[in-house]
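This report concerns only the one structure given below.
The values are calculated or read from the model by the stated rules, or taken from the named source; none is laboratory data. These figures come from a predicted structure and were not determined experimentally. When we count neighbours, we look across all protein chains shown, and the Cβ atoms used for this are built from the backbone with ideal geometry, even at glycine.
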Amino acid sequence: MNDVTLLEAVVVAIPALILIGYTLVDVVRRPDLTGPRKAAWLIVAVIPVIGTILYLLARPLSPARWGSAPSGARVARFVEMLERRERGDLPKHEFVAATHQLLDQDRL
């Protein structure tokens, strides 16, 4: 192999391996893919370049990646607690606990 061919192979191989690695990690970590669907995507993902590109184009976006917007009721509740805290009607420890409770609702 001469130097130009080796350089071309490295320039193509390294990004391809990174793309395949990213795809495999993404498939394994996705909670919405289970059982046969996950196995099928793992098989497709290891097809050099074409399989990974196919996966990245065809996969649905995971709602967990975008996060969830807080509901209007939760925002209103937070504003109410903040106003009570500023007036002195809500002790700091209760405000912190209630804020954590509101934030933990996203993780349920």
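Summary of values
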quantity	calculated
Selected residue [modelled with pLDDT of 85 or more and of a type outside the set (G, A, S)] from T34, T52, T23	T23
Search result, residues across region 80-100 that are loosely packed, with under 13 Cβ neighbours inside 10 Å and not in a helix (DSSP H, G or I)	G88, D89, P91
